[in-house]
Structure formats: C-alpha cells, structure tokens
Amino acid sequence: VVSAAGFSDNRDTADDLSFSFDADFDTVDVGTNKLVSFTNIIISGGRDRYKYQLSQTTGSALASISKAALTVKAKDITKTIGDADPLFTVTYAGFALTEGAVDLGGNLTFTRQSGEALGNYWVTPSGLTSTNYALSFAGGVLTIKAKAIVIIPDPPSGGGGGGGGMILPSIDILP
C-alpha cells in the first residue's frame, strides 16, 4: 500500500488536468521516506490539457509503503475414521505481483481441534511471519467420515436347489 506520493504543479486552480506516469520504488520493502522515480509523465486528460506543456517528464519523490494484507487459510479436507490425519495445506490471498509463499518467514504449522469421532474439526494455520505483509490466519475444516461397507450374502449351504434355510449376510469393511 503506497501513500504520500504525488505532484505539485502551477496550473490555474480552476483548470481540469489529469496525468499518467510510470513509478519505480528503490525497493519493494515496507518503510517510510522511500525514493520513488517517476518517468514518462504525460498530461493524459482533462478538459484544459491543451493549455499546457510539461517542462519535464521525469522526477522523484519520497513515499511510504505500508504492509499489505495477506490471508493464510487452511484448506478444508476429509479423512476416513481410523485413518491418520492427512497433510494439511493452505491457500493465500493478497500476495503482490510475483511474490508467493517463499517470500514469507517462519514455519507453517497447524493446530487441529481434538477428536476422532465422526464430524467436523477446526484446523488452524500459524507460524508464518513477514515484514511486508500483515498476516491473518483463517481456519479450515477436517471432516471425519464413516468407512464404506459392502454387504455380500453368503451362498446357501447344502448344495442344489429347492430349499434352503435363511441366508444371513456377511459384512466386510473395506480399507
């Protein structure tokens, strides 16, 4: 987030002008009194633009860069009762330009709400740090589901047709 960068000019106060330009900071890190170089400054619009000609098309100023908001959210995930917890992962929202997880410090860790019965359990990420981002951590949900079962009837005993007693199913639990 950039603040405190701008231009001064000597136009008539009632005149309508707008400018466009390219700006480059000396670094991308958070801080105050950061040098900004302006190039390709042009009068890009306004009803009075025909009255003016720029005396220079470059310049510099000091500006401030504050931390950008970055959300780290645990992904929702499912496991089968009795299985080990799966690998927890996150999504990120708010990185600038080409930055990514490698630009963060610390170690990503997770805290999981305790319990192994069927149901939903909170998973919360933490542990990351940054000098350029204001981090917020959002939880996800681990859902523990039941095991699938297959019911297969046992064949009647005693061979061949005609009669038979009651057929009782057997139950196999699939891994």
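The values are calculated or read from the model by the stated rules, or taken from the named source; none is laboratory data. Being a predicted model, the structure only gives us computed values, none of them experimental. Positions of Cβ are backbone-derived with ideal geometry, glycine not excepted, and every protein chain shown enters the neighbour counts. Side chains are part of the model used for accessible areas, which takes the heavy atoms of the whole protein and leaves out ligands, DNA and RNA. Shrake-Rupley method; radii C 1.70, N 1.55, O 1.52, S 1.80 Å.
Got a number for carbon plus sulfur as a percent of region 12-66's accessible area, 1.4 Å probe?
48 percent
Would you kindly derive the ³J(HN,Hα) couplings of region 60-77 from the backbone phi angles with the Karplus curve 6.51 cos²θ - 1.76 cosθ + 1.60 (θ = phi - 60°), listing them in order in whole Hz, with x for Gly and Pro?
With coefficients 6.51, -1.76 and 1.60, one gets 8, 7, 9, 9, 10, 10, 9, 4, 8, 6, 9, 9, 10, 10, 5, 6, 5, 8 Hz.
List, in order, the whole-Hz ³J(HN,Hα) value for each residue of region 28-34 obtained from phi through the Karplus relation with A = 6.51, B = -1.76, C = 1.60 and θ = phi - 60°; use x for Gly and Pro.
9, 7, 4, x, 10, 6, 8
Under the Kirkwood approximation applied to all pairs of distinct alpha-carbon atoms, what is the hydrodynamic radius of region 1-116 in Å?
19.0 Å
With θ set to phi - 60°, apply the Karplus curve 6.51 cos²θ - 1.76 cosθ + 1.60 along region 122-133 and write out the HN-Hα couplings as whole Hz, x wherever there is a Gly or Pro.
6, 10, 10, x, 6, x, 7, 9, 6, 8, 9, 10
Rolling a 1.4 angstrom probe over the protein heavy atoms, how many square angstrom per residue are accessible across region 40-167?
With the other protein chains kept in place, region 40-167 gives 65 Å² per residue.
Antiparallel versus total DSSP beta bridges in region 1-156: what percent is that, nearest 5?
Within region 1-156, antiparallel bridges account for around 75 percent of the total.
Distance in nm between label sites at A93 and S126, each 7 Å beyond Cα in the beta-carbon direction?
Here the answer is 2.2 nm between the modelled labels.
For T89, what residues show an amide H to amide H distance below 5 Å, using hydrogens built from the backbone and excluding near sequence neighbours?
When sequence neighbours closer than 5 places are left aside, the close amide H contacts are K75.
Looking at region 48-106, what % of the alpha carbon pairs are farther apart than 18 Å?
Looking at region 48-106, the distances longer than 18 Å represent 66 percent of pairs.
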